[in-house]
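The structure under discussion appears below in the form of structure tokens.
The values are calculated or read from the model by the stated rules, or taken from the named source; none is laboratory data. No experiment lies behind these values; they were computed from the predicted model shown. Glycine gets a Cβ as well: all are built from the backbone with ideal geometry, and neighbour counts include every protein chain shown. Just the protein is used for accessible areas: all its heavy atoms, side chains included, with ligands, DNA and RNA removed. Shrake-Rupley method; radii C 1.70, N 1.55, O 1.52, S 1.80 Å.
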Amino acid sequence: MKMIFDWLDDRSGYRNLLHEVLYEKVPGGARWRYVWGSCLTFAFFTQVVTGTLLWMFYSPSAQTAWESVYFLQYQVWGGWFLRGVHHYMAQAMIVLLVLHLMQVVIDGAYRAPRELNFWFGALMMGVTLALSLTGYLLPWDQKGYWATAVATNLMAEVPLIGPAIQQVVVGGVEYGHHTLTRFFALHAGVLPAMLVGLVVVHIYLFRKHGIHVKEPRPKKDSYFWPDQILKDAIACLAVLLAVVALTVYFHGAPLGPPADPANEFPARPEWYFLFLFQLLKYVPAFWGAVIIPVFLALWIFLQPFIGSTRPGHQLNIGFWWTLIAGSVALTLLAFSEDNANLRHSAALEEADWQAERVLSIVQEEGIPPAGAVTLLRKDHENRGRNLFAAHCASCHRYNGHDGRGYPVDDAQSAPELAGFASVEWISKLLNHEHYISEEYFGGTKFKNGTMARKVLAKYTAEETALLPRIATLLSDMAQLPYQTPLSEDEREELLALFYNDDLVFQDGLACIDCHDIDSEDEGHAPDLTGYGSDEWTIAFLENPEDERFYGDENDRMPCYGRDGKLTNEEIKILSDWIRSRPSE
Amino acid sequence: MSDFNEEESSGRRKFIRVTTIGISAACGIFPLAAGIPALLDPVKKNSGESAKVPWSKVAPFASLPEDGSPAKFEVVQETVVDAWTTYKDIPVGAVYLTRKEDEVIAFNLKCPHLGCAIDFRKQTNDYFCPCHNSSFALDGSVTTENSPSPRPMDTMETKVEKGQVWIRFQQFRPNIEEKIPLS
């Protein structure tokens, strides 16, 4: 064995090199404050290795990016773990960057003769941020798509060449295949190569000038190996354990629903860019994209010179603390504004719903070559709630929201439709108090109609007792998928009740005086034959002004089919969706 | 090694060195280790589940030459899953079909040697692989001595139903004597 190493040393001189690397002098002894650079190197190394492994699974195109990430996350053995480590290590890297930077600034290690290395460090910070920005888009989910759109639009703010830069980076005017191929080439090729080069120079310069000691020296001098390396290794291990803990706790990195330019999503960058996001609420985009970065770059360039005097050094430290404090404040503000915003939480819940929905469809039918986004677009469940939100929710509600979970700004002016035509829903409708409340017809002219004034308001206790049974009969005709149908006998019995002459209200009105049921009398109130059934609901949505329904008594309910507002397919999807489940 | 460590016991020094090497090695190996299961995933998926080969409809029985000479057909499979994508009705390979009375014999187009596409030669009425010159008789058996191909052409299960030829299309492991399906 020794012979082989001797031979190798003779030909390569590796022992000298190793000695040089390991026996670097650490003046003042090994200290914890020196570990951040090594931790960053370790983090970057982890990203290169895990990134290369991820590369084996990733396919950069608009039809395959999300799909290949989905496959890795859910189908590949341990894929979620690999992806999770890469994701959380990227976040750890940002934290480590700030720690390293602050250590360098506070210790004054950025001053002569180390100015050049400080600038290289700043460049590396820029490259790392670019890496995280480009990586954010690659899964091609809603979050990455919408956030990166904002980021690249900021590029267009650069004077004269901005729009051209944007087009070059995006690979065209619109987001698509070439956005992904370019971002991927940047993320996995260009930027890491730059970072490797910068790391080499950074470490060379660091070695050239040695460790900058903060006086007074706490201990006598020691060597890099093994004292400082032990501290570095323990710190790296702590970073690693934190990343593993996050990965296991969240079961890997999140994957939202597939990117869809037609499906709105509140764009938010990764948490460490939130301060910039928040800042753009107060300053014009030009400031965020150009003035502030240029000012920062200039300031960083000048800092070593400013710091050559004691007050200058204090100013520099103060500058970074202020920057950090400001960023933390803006980040907290961004979080708290989002938390207080009901629409924002609803949008996040909606995205979670879509992500789960697309997973369950994929499990059933697989992903077509056109991509997973087409599954959601043609999914009746998803289309149903979107159609409701777009066409019904300005007047109606669904469990109090717009069908997708969003609050509605307009006042409710038509009935709540969750659990429509169920026994529970009809029972409530037949209660005067509910009928004239906003939950049913309180916002319509029927509030003061015959049904409210002459019928429901005048029930006797005996009649009221019969109402649940009438509701059961009516609801049975709806043939709702979640309700058990009545037996023939039960139905007969309840029908007899409906035609019962005893059930005549004080001013002589029975149900069948106005409503038809299983007859052709064309009473002037809506025909209740097959009430709430597939056929009835579709016909009603097509034309509520038909004689069969409200006729000319209709109060603002649009005739979706007759007036061509919705296609037959859409009406069917909407009807299926409204009838699909009980209210919550 | 270093003069200012002299007073420390060699036991403590050794402990520090071993710990340092141990932790550094753990950190160094970790990124690769994190991806090993994912990397080996294809091997894991291939083992064991060779069971269900679906039937694919290939051609009408009437379209096969009555004299028993072979005809080449594309095999279109109803559902093909390639990693994340599920394809419907796409070609997965090709076969030579020959009539034998009421039955059909199917040969995979791929040479059992190294997977080149085999030609049918009309003049000599046999199969010939243009890559490494393996030749096969109409029944698929190897006809050359020292043939590069270690086994006859690969046959697959067929059936004729309502005038249509159906096949359980499969690929096999190349260049070994035994015919082992790839699943």
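Residues in the stretch A:368-391 that are of a type outside the set (S, T, N, Q) and in contact with a Leu (Cβ under 7 Å, 6 or more places away or on another chain): A:384, A:387, A:388, A:391.
The single condition among (1) without any contact (Cβ under 8 Å) to a residue 40 or more places away in the chain; (2) assigned to a loop (DSSP other than H, G, I, E, B); (3) of a type outside the set (A, V, I, L, M); (4) crowded, with 21+ Cβ neighbours inside 10 Å that residue A:172 does not meet is (4).
Residues in the stretch A:540-584 that are part of a helix (DSSP H, G or I), open to solvent by less than 20 Å² (accessible area, probe 1.4 Å) and of a type outside the set (Phe, Trp, Tyr): 7 in all. Applying the selection to the stretch B:8-23, what residues are closer than 17 Å to residue A:234 by Cα and open to solvent by less than 80 Å² (accessible area, probe 1.4 Å)? Within the stretch B:8-23, B:13, B:16, B:19, B:20, B:22, B:23 qualify. Screening residue A:15 on (1) open to solvent by less than 60 Å² (accessible area, probe 1.4 Å); (2) without any contact (Cβ under 8 Å) to a residue 24 or more places away in the chain; (3) touching a helix residue (DSSP H, G or I) at 6+ places or on another chain (Cβ under 6 Å) shows it passes everything except condition (1). Does residue B:66 meet the test of being open to solvent by 50 Å² or more (accessible area, probe 1.4 Å), in a loop (DSSP other than H, G, I, E, B) and touching a strand residue (DSSP E or B) at 6+ places or on another chain (Cβ under 7 Å)? Criteria met by residue B:66.
At least 2 residues being among the hydroxyl-bearing types (Ser, Thr, Tyr) is the threshold, and among the helices (runs of 4 or more DSSP H) wholly inside the stretch A:1-78 those reaching it are A:35-55, A:65-74.
Residues in the stretch B:99-116 include none that are within 14 Å of chain A (Cβ to nearest Cβ), at pLDDT below 90 and out of contact with any Cys (no Cβ under 8 Å at 6 or more places or on another chain).
This table checks each residue for (1) over 26 Å from residue A:88 (Cα atoms); (2) within 14 Å of chain B (Cβ to nearest Cβ); (3) of a type in the set (Val, Ile, Thr).
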{"residue": "A:168", "(1), (2), (3)": "yes, no, yes"}
{"residue": "A:193", "(1), (2), (3)": "no, no, no"}
{"residue": "A:202", "(1), (2), (3)": "no, no, no"}
{"residue": "A:205", "(1), (2), (3)": "yes, no, no"}
{"residue": "A:208", "(1), (2), (3)": "yes, no, no"}
{"residue": "A:220", "(1), (2), (3)": "yes, yes, no"}
{"residue": "A:226", "(1), (2), (3)": "yes, yes, no"}
{"residue": "A:231", "(1), (2), (3)": "no, yes, no"}
{"residue": "A:238", "(1), (2), (3)": "no, yes, no"}
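Checking each residue in the stretch A:445-475 for being in contact with a Lys or Arg (Cβ under 9 Å, 6 or more places away or on another chain) and either within 21 Å of residue A:497 (Cβ to Cβ) or open to solvent by less than 20 Å² (accessible area, probe 1.4 Å) (or both) picks out A:471, A:473. The residue that is nearest to residue A:371 (Cα to Cα), among those in the stretch B:77-98 that are within 14 Å of chain A (Cβ to nearest Cβ) and hydrophobic (A, V, I, L, M, F, W, C), is B:84.
Kindly evaluate residue A:74 against the criterion of being within 24 Å of residue A:246 (Cα to Cα), within 14 Å of another protein chain (Cβ to nearest Cβ) and surrounded by fewer than 18 Cβ atoms within 10 Å (Cβ to Cβ). In short, yes. Taking the criterion of being within 13 Å of chain B (Cβ to nearest Cβ), of a type in the set (Val, Ile, Thr) and either farther than 28 Å from residue B:32 by Cα or out of contact with any Phe, Trp or Tyr (no Cβ under 8 Å at 6 or more places or on another chain) (or both), would at least one residue in the stretch A:91-109 satisfy it? There is no residue in the stretch A:91-109 that is within 13 Å of chain B (Cβ to nearest Cβ), of a type in the set (Val, Ile, Thr) and either farther than 28 Å from residue B:32 by Cα or out of contact with any Phe, Trp or Tyr (no Cβ under 8 Å at 6 or more places or on another chain) (or both).
For the stretch A:203-240, the set of residues classified as within 26 Å of residue A:126 (Cα to Cα), open to solvent by 40 Å² or more (accessible area, probe 1.4 Å) and not β-branched (Val, Ile, Thr) consists of A:204, A:206, A:207, A:208, A:209, A:212, A:237, A:238, listed by residue number. Scanning the stretch B:119-143 for residues that are of a type outside the set (Phe, Trp, Tyr), in contact with a Ser or Thr (Cβ under 8 Å, 6 or more places away or on another chain) and surrounded by 13 or more Cβ atoms within 10 Å (Cβ to Cβ) yields B:126, B:129, B:134, B:135, B:137, B:138, B:140, B:142, B:143. The condition (being of a type in the set (Gly, Ala, Ser) and at pLDDT 95 or above) is satisfied by just one residue among A:384, A:400: A:384.
Summed over the stretch A:137-169, residues that are touching a Pro at 6+ places or on another chain (Cβ under 8 Å) and open to solvent by 40 Å² or more (accessible area, probe 1.4 Å) total 3.
Here's the yes/no breakdown for (1) at negative phi; (2) more than 7 Å from chain A (Cβ to nearest Cβ); (3) not small (Gly, Ala, Ser):
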position	(1), (2), (3)
B:10	yes, yes, no
B:16	yes, no, yes
B:19	yes, no, yes
B:23	yes, no, yes
B:28	yes, yes, no
B:31	yes, no, yes
B:34	yes, no, no
B:44	yes, no, yes
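When you check residue A:158 against the structure, is it within 26 Å of residue B:27 (Cβ to Cβ), touching a residue at least 24 places away in the same chain (Cβ under 8 Å) and β-branched (Val, Ile, Thr), yes or no? Answer is no for this residue.
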